[in-house]
Each structure stands twice: as C-alpha cells, then as structure tokens.
1. Is there a residue in the range A:318-327 that is surrounded by fewer than 24 Cβ atoms within 10 Å (Cβ to Cβ) and either within 23 Å of A:ALA302 (Cα to Cα) or not charged (D, E, K, R) (or both)?
2. Can you tell which of B:PHE71, B:PHE99, B:PHE85, B:PHE77 is modelled with pLDDT under 85 and in a helix (DSSP H, G or I)?
3. Which members of the range C:221-253 meet the condition of being among the hydroxyl-bearing types (Ser, Thr, Tyr) and surrounded by fewer than 23 Cβ atoms within 10 Å (Cβ to Cβ)?
4. Answer yes or no as to whether A:LEU614 is over 55 Å from the mean Cα position of the chain (by Cα), closer than 26 Å to C:ALA457 by Cβ and modelled with pLDDT under 75.
5. Taking the stated definitions as given, is C:ALA256 within 9 Å of chain A (Cβ to nearest Cβ), surrounded by 24 or more Cβ atoms within 10 Å (Cβ to Cβ) and not in a helix (DSSP H, G or I)?
6. Residues that are closer than 20 Å to C:MET316 by Cβ, at least 3 per element: which helices (runs of 4 or more DSSP H) completely within the range C:378-456 meet that?
7. Within the range C:180-229, count every residue that is assigned to a helix (DSSP H, G or I), of a type in the set (Lys, Arg) and over 15 Å from C:ASN157 (Cα atoms).
8. Answer yes or no as to whether C:VAL85 is within 14 Å of chain B (Cβ to nearest Cβ) and buried (at least 16 other Cβ atoms within 10 Å of the Cβ).
Amino acid sequence: MTSLLAAAPAAEIAQASGGVLGLSWLMIALPLAGAAILLVGGRRTNSFGHLLGTAMSLASFVVAVLAFFELLGRTAEQRRVGVELFDFIPAGQLDVKMGLLIDPLSISFALLITGVGSLIHIYSIGYMSHDPDRRRFFSYLNLFVAAMLLLVLADNYVGLYIGWEGVGLASYLLIGFWQFKPSAAVAAKKAFIVNRVGDFGLAIGIFTLFATFGTVAYGPIFEHADKASTGILTAVGLLLLLGACGKSAQLPLQSWLLDAMEGPTPVSALIHAATMVTAGVYLITRSNPIFDGAPTAQLAVAIVGAATLLAGAIIGCAKDDIKKALAGSTMSQIGYMMLAAGLGPAGYAIAIAHLITHGFFKAGMFLGAGSVMHAMNDDVNMRKYGGLRKVMPITFITFGLGYLAIIGFPGFAGYFTKDLIIEAAFGQEGVRGYLLGGAALLGAAITAFYMSRLMFMTFFGEKRWDKDAHPHESPPVMTWPLILLAIGSVGGGAFLVLGDRFIHFLEPVVGKPENHHGFNPVAPVGLITLVLVAAGVALAWVMYGRRPVPVEAPRGSFLTVFARRDLYGDAINESLLMRPGQWLTRFAVFFDNRGVDGLVNGLAAGVGGTSGRLRRLQTGFARSYALSMFFGAAIVAGALLLVGNL
Amino acid sequence: MELYAPILVLGLLAAGFAIFSVGIAPFTGPKRWNRAKLDAYECGIEPTRQPVGGGRFPLKYMITAMLFIVFDIEIIFLYPWAVAFDQLGVFGLVEMVLFILTVLVAYTYVWRRKGLDWD
Amino acid sequence: MSTLLAAPPGTIPAPTIEYTQLAPMMLVFGAAIVGVLVEAFAPRHLRSAVHVPLTLLSLAGAFALTILLAVDGTRNVAAMGAVAVDGPSLFIHGTILVLAFVSVLLFNERLQFVSQAASVPGSTEEEDSLEEGAVQTEVYPLALFAIGGMLLFSAANDLLAMFVGLEVMSLPLYLLCGLARRRRLLSQEAAVKYFLLGAFSSAFFLYGMALIYGFAGSVDLAKINDALGSASGRDTLLYVGAALLGVGLLFKIGAAPFQAWKPDVYQGAPTPITALMASGTLVAAFGAVLRVFWVALGNLDWDWRPVMWGVAILTMVVGAILAITQTDIKRMLAYSSIAHAGFLLTGVIATGGPAQNEEALSGILFYLVAYGFTTVGAFAVVTMVRDAGGEAGHLSRWAGLGKRSPLLAGVFAFFLLAFAGIPLTSGFFGKYAVFAAAVSGGATPLVIVGVVSSAIAAFFYVRVIVLMFFSDPAPDGPTVDVSSMGTAAVVAVAAAATVVLGVLPQPVLDLADAAAHSLFVR
C-alpha cells in the first residue's frame, strides 16, 4: 500500500489552544454523559430524567453557541480549528487520532443539532409526559445528540463512521420506542437493515480512502485528493453516495423513512426530519474535494437528488397519514439538498443553507403535527381532522408559517433557499441543467400542492372528527418550541441568504462558488417558480379546500394508488431484494443443511465409517496384531532400504 | 578341513552306536510284556488322560522352571567371573556379591512364599 | 573388547562406575529389592503399610537426587558409556519420577488389584482370598522395577543398556497388567497379549541391534553415529538394523502400525497401571526414541525421516479416527494416546541444525510433561466413576455425569480439552511447541495432518463432554466415589498442572529449553 502522502505536510488546520474551542468536546460529552446517567441510573432517575436530558442538550447548545462566536471572532482563513483528543487506534499503519474539526460547516450543524435538539427535548417533556418510559426516551435522545455531534464534529472518517452508526442505533431505538406495537418493531428493524446497506457502502468507501491515502483524517485526504486517480475518487464518491442514500432516505434506499414515522413524533421531528437524515448531505458536502475530483459521482449525487425530490413529493400527495405526508416531504426536501450538493461548488453552501432552514420549518411542522395528534387522540389520519384552526390557534399559526416557508412563499425561509437551488440547477450546462432544473421546478409545484392539501385537510373545512375527539391547544411547554421554530422558518432564509452571508461563511470549507451573483428576487426562474407554486396551491384548494373531504379515502386513479403505495418502493424492494434474498437465504439454508452440513456430516460419517472399518482390524487376536507388526516392520525396513539406496 | 575330521569321525561313531544299540535290542533282548513297560521311563509324573486343549498344569512346574532359569543365568555370570576373578580384583568381587545378593533376595522371596514346597 | 585384549595379562582394568550420577536409578532399584524383601518377610497385614511409604519415599528421593544432579551441572556419560547423564535425560527422569509418584498414589486408594493373582477367576480359591481381604501387594516392588527400567531405558547410551532397560521396564508391566481385581479375564488377556507382542517387539529390537553391531562394530550410540560416515558397503545391514531397532521402539510408544496392543492393554490393565504406562512408559520410550534416532542415527536423518513421516501420519490418523467409534472410555484414551504419540513424532522428525534440534527437543520435553500430567489425571478420574461392576468403563454410563457430579465432570472435561489442545490448557502449548518446531524444521505438511487429526480428535473429546453435560443421567448410573484422598489429590495435582502449564507455561518451557540446550551428550 503506497500512500499518496509521501511526506505528509501539516494540514492547514490551526490547532485549538484553550478557550471554548478547546473545550468543544464537551458538546459531545455532555449529552453522552446524560445518556449514560439515565441508562445506568435506571428507575432512580425517573423523576428528573427528562430535566437532566434537556439540561444536557441545552448545555451542549450553549457550548456550541460560544464556540460559534469564538469562530466568528477569527478571520475567515483561521476558521478551521482542529481539536486533538486522543490516539484512538494506533495499529501499525492504521493510526487513527481522534480529534474534532470545528469549522463553519461543522459548527452550523452543531448549532442546528443542539438548537433544534434542545427545543425538541423541551417539547418532549410535554409530549411524553404520560409515557411511563419517558426517562428512557430522553436517554436515547441524548444518545442521539451525542452521536450526531460526533458525526459532524469528528476530524476523520472513522469518527464520522462511529457517529454515523451511533445515530443509526439511536434511530433504531427510537423508531421502535413503542416496542409493544409490532409495526414499530418492524419499522425499526427495517430502518436498521436498509441503513446497513448504506453503511456498507460508507465503510468500503472509508477502507478505500485508507488504502489510497494511508489515513482516514480529513485534512491530509482533502489536501491530496487531487493526486488520486479519477477512478479511485469516483469509486469512493459512489460508495459514499450509497452511504448517504441510506442515511438520508434517498432513492433507492428511501423505503425505511416512511415506516420510521412509527416512532414518537419528536423523534420524527428531530431525527427523521431535521438532523439525522441530513447526514448524507453533510457527508457529501464534507467530502467535497473528493466529489470535485469525480464528476461522474457528482452527477450521480445530483440525479439521485432530483429523482428523490420528485418521488418524495409524489408520495406526499397521496398520503392521508399526516406524518407520512410530512415524511414524503422530508424525502423530497433532502432530495433538493442532494441535488444542490451534486452541483459542486455552486451548490454546497446552498444545500447546507436549505438544510438549515428545512431543519427549522420541517421540525416545526412535525412538532405541529405532533401537537395536532396530541389533540386528536393520536389519530394520524388527516381525513378525520378538518377545521382545527379555531381550536388550536398557536399550532395553526406556527404550522402555517412553516407551510409558507416550505412552499417558498416570498420572504419566508424556503423561498430563498429553494429558489437558489432551482436557479443553480438551471445554471448547469446544456441539457443537464434543463433536466435537473426542470425536476426541481416541477418538485416545487408538487410541494405546493401536497402541502396545501395537508393544510386544507387539517386546519380548514368542516370538522370530520371522531366522536370522542376533543381537540384542545397543547400546553406551553409544547407550543413554545413551535413558536421559536416558526421564527426560524420565517426569518432563517433571509438571514442566511441575503448578502450571501452563509455562502461566505462556508467558503473556507467548500470554496467559492463560480459565477455566483447574489440573490435576485426578480430572476426569471424565480418568477416561474412562483407561478407554478401558485398553481399548485390553487389546484389543492380546488380539490381539498372548496370540496368537502371524504372521510373514507376514495379509490383514486392509478397514480394515486401508485403514490399511496410509496411508488411501489416496498414492492420493488420486495421483489428485487427481499424475495431473492429469501430465496438466497433458503438456498443458503438448504445448502447449509444439505451441502455444508452434508459435507460435514458426510465427512464425519466418512471418518466414522473409516473408523468402523479400521476398527475391524482390531480383532483382539494377538496373532493378527503380531502379523500386522510383522508386515509393518517389513514395510518400515523396505522403505528405509528404498530411501537409503535412492 | 583336517581340523574338523576327528569331530566328524566322532559324530559318525556316536550315531552309529546309537543306531546299533536301538536296532539290536528288539532282536537280542527278552520280550516280557507288562503294563509298567509301557509307561514313560522315569520321567515326570504318570501321564493321565488330558481334556481337549491340554488342560491345566499346576503352577508349581512354572515356578520350578523359572527358578531353574534364574540360577542358570546366575551360572552364566559366575562362570566367566570364576575364570578371571583374580584379574578382576576387588571390583569384580563386590559386583558379584551384589549380583548374588540380588538373586538371593529373589530366592528368599520364593522360599518365604512357599514356592519351594511341593504341597 | 579390544581393550581387553590389549591389556597386559593378569589385570583387567576395573571399570569405573559413577555411583553419584546413577544414584536416582540405584535408589529406585534398591527400594524395589527392599520391597521384595518386605514381601518375603513382613506379615501380610503390614505389607501395604510398609510398601506405600517405601515406594513414595524412594520416588521422591530419586526425584530430589535428580534435581541435585541437574543443579550440579555435570553432564557426561556414566558407567563406561552405558548411561548418559545430560539435560534431556535429567529432565525426562524428573518427569518420569513425578508422574510415577502421582500414579503410585492411585495404587492403594481402592481395591484396584487382584486378591490373589494365581487363583483362577471365579474359583473358590478366589472367593477365599477375597474373604481374607488379601491383596497382591507385589504391585509396589513391581512398579518400582518398572520405573527403574524406565529411567535406564530413557537414559541408556548404548543399545545393550537400552535393551536391559527396556526389558526391566516391560517385564513387570506385563505382570502388572494382569492384576486387575475386576474383569480379571480381560486383564489377564491384556497381560498375555502385551507380553507376547512385547516379546515380539523386543526380538525386533534385539535383531536390529545385532545388525547395527554388525555394521558399526559397536553398540555405543555415539560410535554407531561415527560409523555412519565411514563404513560403507554394509548399508543393507545398517538400514535393516535401523528399521528393526525402530520397530522395537515404535512399538513401545504405540506408533502405527505397531499400536494394536495399546487399546486392548490399556483397557484391560488396572487403571492405575494404565496411568503409569500412559505417562511414564511413553515418556521413557520417547527418551529412547530420541536417543536412538538423534544420537545413534543422527547423521542418517535424511534416510529415516521419510519413513518416520509415514509412521507419524499413520499414527496420528489412525489414533484420531479409530478413537471416534470407541465406546469404552479407557480404549478411547488409549487411541488418544496413540494420536498423541503421533503428534510427538512430528517433533522427533523436526531435526535440523543444532538450534532447530534444541527447539524441537524442548517442544517434545514440554509436551511430555503436559501430556503426562493430563493423562494421569484423566485415568484418575476414570477410577472414581464406579458402579456395581467396578469402574464404569462404557461411555454410555458416563451420560449425565455433569449433572450428577459437576465438579468431577468439569475437571474431566477440562482434561479432554487439554488433550484436544484448546488454548489455556497445557495441551495447547504442548502442541504449539512441537508443531512450531516441526514447521521450522520443514515438516509443514506433517503439521497440517497433525492439525486435521487434532480437529478429528477434538470431535470425540467434545462428544464425551456433550455426553456428560447434555444428556440425562441414567437412573442406575454410576456413582462417583470421592472418598479417597489420594485419588482426589492426584486429580487436583493433574488439573493444577494442566491449568498452570496452560496459563503460565513459561517456567516449564524455560526448564525444557535449558534441558534441551546442550542436546544429548555423546
């Protein structure tokens, strides 16, 4: 293994010396300690477990904010700070030094994770107040926060991988939190298994990186990425993309996300909307030097993103389950981010910007949906909602603001970030630009349609409630997070995008986008987008606002059925993977029983049979023993004579 | 070859005498038949009818035979020593005493265990 | 002989005998002779009381003397070239004496031996002697003679002394094999078979010795080796002689195709004697094998090595495979012993330069210690599992023993795992040491056969473990007699040795290294 690092020069990462940045490991350690205390402490911590978990998350947030300001206090060139922690795996050539990398990209994620995470912790105090296992829930949440922070803060791929698996574990535990529901258990298992496929790709990608560069640390790899062959970079890029697809529920590994909604709603908001599912986007953005050297892999990222944004949007159109509709939406929005990330330097910053605004509005909407479910006896069927705006004003308003943000209503968060993505997609050369841009544009229209459908079915129209439903506004501990998230949904986009604030902020990590020229509110693409969005809203109003919504879902066209069945994702998985897998398993079992066991048994029987036959030589007659000795002696003497005279 | 001629002659004479004695007896000796004449000649015990397979022999014969072998071997060692004991000196004497003592131990064992009593 | 003729007439120079260096052997033989006198003169009821301390003390004393010799550091050939006193022989003597001591502890613990050997099985005389409570106490002096023979056999530096050692070792063992108190016919049959086949093998040895003498003009091992280079034209004498000599020795270690006696004899013999044979005799025989093949035929190794390859492979395979279908625990252990002899042979074959020889020798010595303790322990356990007919030999009787007596079954399982060579047992390091030496000696294919045989062997060891722990005990199953302190002590010592050699093998490995350091004296 010839390392490309002939003489590893020092990476241009400044080392933290004291200060808050030197203590940034606390961000991970605090929630991890919280999880450990709650899990080890068991029932004794029941009384204060939720408070401890929330406090740990908040403390982590405080550290992140302090680190953020310290970073802002530096010049742009000095905003990449390494924090050496310990020598993790010193094994011969493989020497993994665990450390953190605090730079604009990771601190953005850290703020999002701890900020939104803390709000969701607070919300969960109310949401889970009746659950006997609330303490366990908070310990898992803390575990998730710690793992997710490790994922984004680590300065090497192995650290990222540990965080990656950690969030996968937390996700598995939380999806299946209500283990008594078989559907939840199955969903957790499905999420875990589908993610294994992606993790497999990620792991092999990391192995390949190590084989090529002789290290797994970001600094040296990115510095020398251009020295590696395009073939290697493309392979690594595609493998990383496979990992990203698993974690971020992109085609073809999207099927687990809809089922993951079996988990408690705060989980859906935090893990399966705002943070964990965006890890794939982080991975690709973080690995930008690799993808920049592998145009094919980059194009694959964009295509996967475009395809998923459409698929997710179509699924969102047909779901009557409010959380699944939102989950389809999440898929779709992450598709936008992947698309942007696949556009190269032109798109990385936009992808992350959209990721952050999406984190706010989607988390807000999930929590709003949770608030609605809370009010409606945990019923998730939107056909049984209707007219909730009057009884749940705060939920309605905050959800509405999130709605305006996601469809891209001018001035709201999504307007800025999504339009940038669509523009950037059209900015690609030739047919590629039109195809990707067209997909993004079409997605925007469908988004407007299904989100409006969701709004109308839930908050407008007549009451279609079950008889025993007595909706009411949620307690303040749940509504305050909604309000705070709504503020982000309203102003986040403008804050990040106007004046290219965020793009400049991320420049040290992802580079300067070429021919980027600020946000233009009257660009032709933006105007077309607005028209299409309006059309989508209008269509939804015609179908669901004006007409009464039937409580029983109509059969619908084949397209509706197609969308309801998640575009036959499960069917495809089943026929392409599961059935062959089962056949393979059965064959393997058969082979194991007949072939391997047969071989082993046959061997054993053969040995036994030989033994039985040889045993007959053991007649018990001294004369036959003596005869065998005699012949043995003759053979030994003969052999020795033969050898000796050779 | 001449060296062996007397031995050969002696052998021939001995064989001739044996054949002559046995051959002449039936013609010259008196023929008075009785039962005792058919018995084995003063050798071991009276042969009795044995069961198939030879039956059992009293263990005492074995002991006698083994004692015979023990002393036979003792003689084998004693004989060369006796020929050259003057040259072997004290060392030879001591070793031979040790050897005889060892055989003596075995002998006393047989004696104490009544191996020498016939009944 | 030439010296005899050259000496001036009237004086034969007195041979020198280094009594101090032969002290361990002489102590054991002396105690044996005293034992005969005890038999002759002590009243019957006192005999055991005299024999046990006499035997054990003499063995302990001999061991102490061996240690003194080892510390003293003199390494030479004693008794006019008849007995070698060197590192390997001292190590082997120490091993034999300790193993013999432990085996003898098993002798008196339970009525293992026949009341009156001369009485016909099932006869009224037998009943009478049983009623009298008689025991054939001659086993003690006989065992001492056998042990003394082992010492001489393994240390002999010329073929004549070796033959004397062989016979002194074997003749008492033939007798002892026939002295089982239960299943006397089986025991006597074993004794007769062992005697007949042993005599047959001695004849081979003797004939081989004669041919070698014809080739080299000497029975001294070193002189034979010297003659290998010089004498030519009489190669047939040499090869046939070496082969026949080898047959006699391979018979004693139970190498195939000369292994047939082992299962029958091990099964029929009283179990303490089986323990003594499986440990002490094997150690002694390997000492003799090493001496003949490395010292006397050391320069011939290119010629005997291919043949020994075949013997080793056959031995390992036959031992491992035939063990599978055994239903008697002692027979199974006998085949196990055959397989182990095969493993040890791979070490004998691994000759090369001095460093290589030291490595191989050290490995063999360690293996012998490890295996010896484990096998004595295993047979000691066999003596404890009893039912109405004596020891419960049939494997089916051992079913569910783990439930009835978990500790004993656990210890036995541990011994079996050590036989299989599982890490953290002495067997692992023994096999490792020998196989590693064989690999560095260029016998990798042999090691592969060895490992495969070990795997096959592991099957039947584990089968017994499964039988003991995962089967339900029969309602009329055997009882475990733990009343005897001596047997319990033997099991404990063996288990401790198996653990210690498996966890902390280094001291004994160092000792074996040191013993092997200067190789054999010539």
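1. Checking the range A:318-327: at least one residue is surrounded by fewer than 24 Cβ atoms within 10 Å (Cβ to Cβ) and either within 23 Å of A:ALA302 (Cα to Cα) or not charged (D, E, K, R) (or both).
2. It is B:PHE85.
3. Across the range C:221-253, the qualifying residues are C:SER230, C:SER232, C:THR236.
4. yes
5. Spelling it out, C:ALA256 is indeed within 9 Å of chain A (Cβ to nearest Cβ), surrounded by 24 or more Cβ atoms within 10 Å (Cβ to Cβ) and not in a helix (DSSP H, G or I).
6. C:406-420, C:426-440
7. Total satisfying the criteria: 2.
8. no
The values are calculated or read from the model by the stated rules, or taken from the named source; none is laboratory data. Bear in mind that the values here come from a model prediction, so they are computed numbers and not experimental data. Every residue, glycine as well, gets a Cβ built from its backbone with ideal geometry; the counts of neighbours run over all protein chains shown.
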